[in-house]
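The values are calculated or read from the model by the stated rules, or taken from the named source; none is laboratory data. Just so you know, these numbers come straight off a predicted model, no measurement behind them. FYI the Cβ positions are ideal-geometry reconstructions off the backbone, even for glycines, and counts take in every protein chain you see.
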Amino acid sequence: MADERAAQPASDQGDPIGVLQATPLRLAVLVETNSPSWLEEPYGPGKWRRREVIAHLADVELAFSYRMRQAAGEPGSRFVPFDQDVWASRNVRIDVGVALEAFRALRALNLAWLSGLDLQGWLSEGLHPAHGQQSIDDLVRYLAAHDLNHLEQLERV
């Protein structure tokens, strides 16, 4: 997905929580089993370098962590969009190990937080200016599809 402002994907790849749980390990395996030069290569012509994709995943986890907490604590809150390309342009010097650890820590925190939600919490919504009302369930499904999209890009030969 090239832009946070674009239409949001729906995860139909099974259990979204299972996807969220599996992604940190899949990323770690990719980083550990590939060369440093692999991380510096773009995943496609004119695309981000693989290391930038990993930093992007940490960025998105951070942003969506805040959105989920807004929706749960202040239902109806207005979500602030972000330009992922601007954020990515500031990540070019971040060490991939730091980005991966940040992603793993944020994901673990978010999964623990999500496990404490009741049905009302899962249905709590915020308002995205471009996408309308989004529940925490919607955000989780988006994150799962987002993970799968970027994992596919990283795993592509």
Subject >> Selected residue (criterion: nearest to the chain's Cα centre (by Cα)) from residues of region 107-141 that are farther than 14 Å from Arg67 by Cβ and among the small types (Gly, Ala, Ser) >> reply: Ala108
Original post:
Which condition breaks for Tyr66 when tested against (1) at pLDDT 95 or above; (2) touching a strand residue (DSSP E or B) at 6+ places or on another chain (Cβ under 7 Å); (3) of a type in the set (Phe, Trp, Tyr)?
Top reply: (2)
**OP:** Go through Arg78, Arg49 for me and flag whichever is more than 23 Å from Arg156 (Cα to Cα) and charged (D, E, K, R).
**Re:** Arg78
Original post:
If you take the residues of region 120-140 that are assigned to a helix (DSSP H, G or I) and out of contact with any Asp or Glu (no Cβ under 9 Å at 6 or more places or on another chain), which of them is farthest from Gln84 (Cα to Cα)?
Top reply: Gln120
**OP:** State all residues of region 69-80 that are under 16 Å from the mean Cα position of the chain (by Cα) and at pLDDT below 95; if no residue qualifies, say none.
**Re:** Val80
Original post:
In region 44-74, what count of residues is obtained for those that are surrounded by 17 or more Cβ atoms within 10 Å (Cβ to Cβ) and either in contact with a Gly (Cβ under 7 Å, 6 or more places away or on another chain) or assigned to a loop (DSSP other than H, G, I, E, B) (or both)?
Top reply: 5
**OP:** Find all pairs meeting these conditions: Cβ atoms under 8 angstrom apart; at least six residues apart or on different chains; first residue within region 142-154 and surrounded by 18 or more Cβ atoms within 10 Å (Cβ to Cβ); second residue among the basic types (Lys, Arg).
**Re:** Leu151/Arg26; Leu154/Arg50
**OP:** Assess whether Glu101 counts as being closer than 26 Å to Ala22 by Cα and touching a strand residue (DSSP E or B) at 6+ places or on another chain (Cβ under 7 Å).
**Re:** no
**OP:** Could you please let me know if Phe82 is of a type in the set (Phe, Trp, Tyr), outside any helix (DSSP H, G or I) and closer than 30 Å to Glu40 by Cβ?
**Re:** yes
Original post:
Restricting the search to region 123-136, which residues are closer than 20 Å to Ile17 by Cβ and surrounded by fewer than 17 Cβ atoms within 10 Å (Cβ to Cβ)?
Top reply: Leu123
**OP:** Of the numbered conditions (1) over 19 Å from Leu62 (Cβ atoms); (2) touching a strand residue (DSSP E or B) at 6+ places or on another chain (Cβ under 8 Å); (3) of a type outside the set (A, V, I, L, M, F, W, C), Gly126 fails exactly one; give the number of that condition.
**Re:** (1)
**OP:** Spot the failing condition for Leu117; the list is (1) closer than 20 Å to Val19 by Cα; (2) of a type outside the set (Phe, Trp, Tyr); (3) in a loop (DSSP other than H, G, I, E, B); (4) without any contact (Cβ under 8 Å) to a residue 24 or more places away in the chain, and only one is missed.
**Re:** (4)
